[in-house]
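The values are calculated or read from the model by the stated rules, or taken from the named source; none is laboratory data. Model, not experiment: these values are computed from the prediction. Neighbour counts are summed over all protein chains in view; Cβ atoms, including those assigned to glycine, are modelled from backbone coordinates with ideal geometry.
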Amino acid sequence: MKLSEYLLTTPYYLFWKVKKLFHSGEPVIDFYIGEMMDYFIMKSVIRKFPQSRVVAKNASIKKELESLGVAAISWPSFPDVVIMARHAMHEFPIDNVVKIGMAHGVYQFKRFIKAKKYNVFQRFFMTSQEHMLMGEKIGIECGVAIGCPKLDQAFNGEIDDNYLEALKTSLNLDPAKPTVMFSATWDKSGMSAIRLWHERIEELSNAYNVMVTLHPFMSKGYKDSVRNKKNIFYIDSYNTVPYLMLADVLVSDTSSIIGEYCAFNKPIVSFKVETGTRLTEDIKELIGSISVSVQSFDEAKTAIEKSLKNDTLGAAREAANKKFFYALDGKASDRAAEEIVKVLQENNLHTDASLMQVKTE
């Protein structure tokens, strides 16, 4: 337990009890947004609970949410149930608040943290059955396989051909060129390959439409390096799914965006990474099985061209998708909502009958 958690527990509990005295009726459900990416991970689930609240960690995140038209309140909040896409239990430091967690990436592209950080949740949503079983092997007892709610929009018709055509037009993509997306995980994780390509990526713009998305925590120097390149489209949106759907090939490192892109079964090129305390041999082997592995930018250029001409890894990606996803049916958020309702029932929090009729879209 963090020191801040010890200091917060008693005053938090007192405020929570006072709030309960003046509240009756349906349970208070909060979706906690610790970073802006959390909102887009949970967005399709939040929609299932229109009476819930969106709670921003700080004023900056609240302002950004409101700029998107999302009504938010500021932390601290005192709910009956909190749902989060990170391990921020210390922000709700009493057992009285029922906690539900969601994986913030596909599958497990990095070593699990300690099981006890998961087991404080009554449910923790995993993206696949295998993901859940991996967790059970290290002692995670609360995992439930539901799929990837973030990807629902790609498989339930929300993002259709008209949407994608409009996006292409807005980006001014050349229809005569293939589109390549580059991504990189956080540079300070020790598992990023951005140093191998950020200075040279502009070399590809004559042959390809080039898009780039970077980990939200990426150092400012790398972000600025890419933003300042001509003829490169830097994706500022936290919702990368439509851009992944536009891309003809993805170039990445150990980022879990590889798992998201694999859902569309299109070519992947990956930079080999050998460092990082959370990088496992299993993950390196898995990434290598679904992508063309390279060690330099020049190799990446060649691999992109060859992959677009002759993609031989489709079957491997299909097999990987069975590991990554419970299903690619656009209904992961429905399954998440059903589990949340079960948790409410288990904790005798279903005082409003209407809440028990969560609509599936």
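Criterion first (aliphatic (A, V, I, L, M), touching a strand residue (DSSP E or B) at 6+ places or on another chain (Cβ under 8 Å) and assigned to a loop (DSSP other than H, G, I, E, B)) does Met181 satisfy it? Judged against the criteria, Met181 is not a match.
Count of segment 3-42 residues, restricted to those that are charged (D, E, K, R) and either touching a Pro at 6+ places or on another chain (Cβ under 8 Å) or outside the structural domain of Val106 (by TED's automatic domain parsing) (or both), is 3. For segment 270-285, the condition of being crowded, with 16+ Cβ neighbours inside 10 Å and closer than 15 Å to Met181 by Cβ holds for at least one residue.
When restricted to residues that are small (Gly, Ala, Ser) and either in contact (Cβ under 8 Å) with a residue 60 or more places away in the chain or under 13 Å from Glu203 (Cβ atoms) (or both), segment 305-319 contains 0. Counting only residues that are assigned to a loop (DSSP other than H, G, I, E, B), in contact (Cβ under 8 Å) with a residue 60 or more places away in the chain and surrounded by 15 or more Cβ atoms within 10 Å (Cβ to Cβ), segment 211-248 holds 4 of them. Scanning segment 252-278 for residues being under 18 Å from the mean Cα position of the chain (by Cα) and not charged (D, E, K, R) gives a total of 11. Report yes if Ile194 is closer than 27 Å to Gly135 by Cα and either among the aliphatic types (A, V, I, L, M) or over 24 Å from the mean Cα position of the chain (by Cα) (or both), otherwise no. In short, no. Selection of segment 28-70 for residues being farther than 19 Å from Phe124 by Cβ and small (Gly, Ala, Ser) yields Ala56, Ala59, Ser60, Ser67, Gly69.
Step by step: first the residues of segment 158-174, then only those that are part of a loop (DSSP other than H, G, I, E, B) and modelled with pLDDT of 95 or more, then the one that is farthest from Asn231 (Cα to Cα). Which residue is that? Only one residue tops the list, namely Glu158. Just so you know, in segment 116-144 the residues that are in a helix (DSSP H, G or I) and either touching a residue at least 40 places away in the same chain (Cβ under 8 Å) or not assigned by TED's automatic domain parsing to the domain that holds Pro79 (or both) include one that is surrounded by the fewest Cβ atoms within 10 Å (Cβ to Cβ), and it is Gln129. With the condition kept exactly as written, say whether any residue in segment 293-304 is in contact (Cβ under 8 Å) with a residue 60 or more places away in the chain and among the basic types (Lys, Arg). So far as segment 293-304 goes, yes, one or more of its residues are in contact (Cβ under 8 Å) with a residue 60 or more places away in the chain and among the basic types (Lys, Arg).
Counting only residues that are more than 24 Å from Thr213 (Cα to Cα), among the β-branched types (Val, Ile, Thr) and part of a loop (DSSP other than H, G, I, E, B), segment 16-71 holds 1 of them. Of Ile83, Ile113, Ile100, Ile73, all but one fail to be under 27 Å from Lys322 (Cα atoms), among the β-branched types (Val, Ile, Thr), in contact (Cβ under 8 Å) with a residue 12 or more places away in the chain and surrounded by fewer than 15 Cβ atoms within 10 Å (Cβ to Cβ); the exception is Ile113. Does Asp282 satisfy the condition of being modelled with pLDDT under 90 and not hydroxyl-bearing (Ser, Thr, Tyr)? The answer is yes for Asp282.
None of Asp152, Asp161 is closer than 27 Å to Phe121 by Cβ and of a type outside the set (Ser, Thr, Tyr) except Asp152. If you check Phe297, Phe233 for being assigned by TED's automatic domain parsing to the domain that holds Ala176, more than 22 Å from the chain's Cα centre (by Cα), farther than 22 Å from Phe109 by Cα and of a type in the set (Phe, Trp, Tyr), only one passes: Phe297. Scanning segment 167-189 for residues that are under 20 Å from the mean Cα position of the chain (by Cα) and either within 10 Å of Asn209 (Cα to Cα) or not aromatic (Phe, Trp, Tyr) (or both) yields Met181, Ser183, Ala184, Thr185, Asp187, Lys188, Ser189.
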